[in-house]
Amino acid sequence: MDHYIPKRRVPVTLWSGELQGVPGQIFLDLDSRGVQHQTVLEMLNQSTPFVPLAIGDEGRVHLFNRDHVARVSPAPQVLHSDVFARGFQPWREERAEVALRDGTRLCGSVWMPLERETERLSDYMNRLGPRFFVMLTAAGIHLVNAAAVAEVELAESFGAPLGANGGSDPRNE
C-alpha cells in the first residue's frame, strides 16, 4: 500500500533543450512534523527519473525527464527558503557566467555549500555530477542542471597572464 505524503505546490518555469519556458507548479513534500519542509533544490536532486509539474488552469500533471531539464526558475514571489536552504553549513557565493548547452547564458553568482573552507568553484562543480545547483542572477534564482552546463566562466583570473608577455611560450624565454 502506498503511503500518502502531503504536498504543496510552488510556481516555477521549467526549461530544457526541447521546451522553452514551461510555467507550472512543482510538488514539494510537507514535513508532517512541521520541522523542515522540502525545498525545490532538494526535490530536483532526488534520484527519481521524472519531475512532476502541474500545468495550466486544470493543473494537469506532466512528467519531465529529469536528465533533460536544463534549469528551473521559481516565480519571483516564491520565498528563497522554499527554493534552497542555506542552513547552518558553511557556504559561499562565487561570481560566474554559466553557458548552457542550449546557448543560454546566466550571469550572477553560484551559491555553493562548502565541504571545506578552501573549496574552489571548480571543486564544487566537479563534485556535483548530474545534480542541480543554485545560480543567483539579477533576474532571479535559477536551479541549473550541472549536466546541461557547457562552460563556467569565473569572474576572476588566477596566476600569470597567458601570451607573449606571460612566459607561457617557450620561444619568449
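Go through (1) farther than 22 Å from Val10 by Cβ; (2) in contact with a Cys (Cβ under 8 Å, 6 or more places away or on another chain) and name the single condition Thr137 misses.
Failing condition for Thr137: (1).
Out of all the residues in the stretch 57-67, which are surrounded by 15 or more Cβ atoms within 10 Å (Cβ to Cβ) and either in a strand (DSSP E or B) or more than 19 Å from the chain's Cα centre (by Cα) (or both)?
Listed by number, the residues that qualify are His62, Phe64.
Residues in the stretch 90-102: is at least one loosely packed, with under 12 Cβ neighbours inside 10 Å, farther than 17 Å from Leu19 by Cα and not charged (D, E, K, R)?
no
A quick yes/no check of all residues on (1) within 22 Å of Leu28 (Cβ to Cβ); (2) modelled with pLDDT of 95 or more:
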| position | (1), (2) |
| --- | --- |
| Val72 | yes, yes |
| Asp82 | yes, no |
| Gly108 | no, yes |
| Glu115 | no, no |
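In the list Glu115, Glu151, which residue meets the criterion of being of a type in the set (Asp, Glu), surrounded by fewer than 18 Cβ atoms within 10 Å (Cβ to Cβ) and without any contact (Cβ under 8 Å) to a residue 24 or more places away in the chain?
Residue meeting the stated conditions: Glu115.
Would you mention how many residues in the stretch 127-141 are out of contact with any Asp or Glu (no Cβ under 9 Å at 6 or more places or on another chain) and surrounded by fewer than 12 Cβ atoms within 10 Å (Cβ to Cβ)?
So the count comes out to 3.
In the stretch 73-97, which residues are outside any loop (DSSP other than H, G, I, E, B) and either more than 29 Å from Glu117 (Cβ to Cβ) or out of contact with any Lys or Arg (no Cβ under 7 Å at 6 or more places or on another chain) (or both)?
Passing the criteria: Ser73, Pro74, His80, Ser81, Asp82, Val83, Trp91, Arg92, Glu93, Glu94, Arg95, Ala96.
Check Leu28, Leu41, Leu106 and return the single one that is in contact (Cβ under 8 Å) with a residue 24 or more places away in the chain, touching a Lys or Arg at 6+ places or on another chain (Cβ under 7 Å) and on the phi < 0 side of the Ramachandran plot.
Leu28
Within the group Ala54, Ala70, which residue is touching a His at 6+ places or on another chain (Cβ under 9 Å), small (Gly, Ala, Ser), over 13 Å from Leu136 (Cβ atoms) and not in a loop (DSSP other than H, G, I, E, B)?
That would be Ala54, the only listed residue that is touching a His at 6+ places or on another chain (Cβ under 9 Å), small (Gly, Ala, Ser), over 13 Å from Leu136 (Cβ atoms) and not in a loop (DSSP other than H, G, I, E, B).
When the residues of the stretch 1-51 are filtered to those that are charged (D, E, K, R), in contact with a His (Cβ under 8 Å, 6 or more places away or on another chain) and assigned to a loop (DSSP other than H, G, I, E, B), which remaining residue is modelled with the highest pLDDT?
Looking at residues that are charged (D, E, K, R), in contact with a His (Cβ under 8 Å, 6 or more places away or on another chain) and assigned to a loop (DSSP other than H, G, I, E, B), I get Glu18.
Is it the case, given these coordinates, that Arg101 is within 25 Å of Val152 (Cβ to Cβ), free of Cβ contacts under 8 Å to residues at least 40 places away in the same chain and basic (Lys, Arg)?
no
The values are calculated or read from the model by the stated rules, or taken from the named source; none is laboratory data. Since the structure is predicted, the reported quantities are computational estimates derived from the model, not experimental observations. Here Cβ is always computed from backbone atoms with ideal geometry, including for glycine, and neighbour counts include all displayed protein chains.
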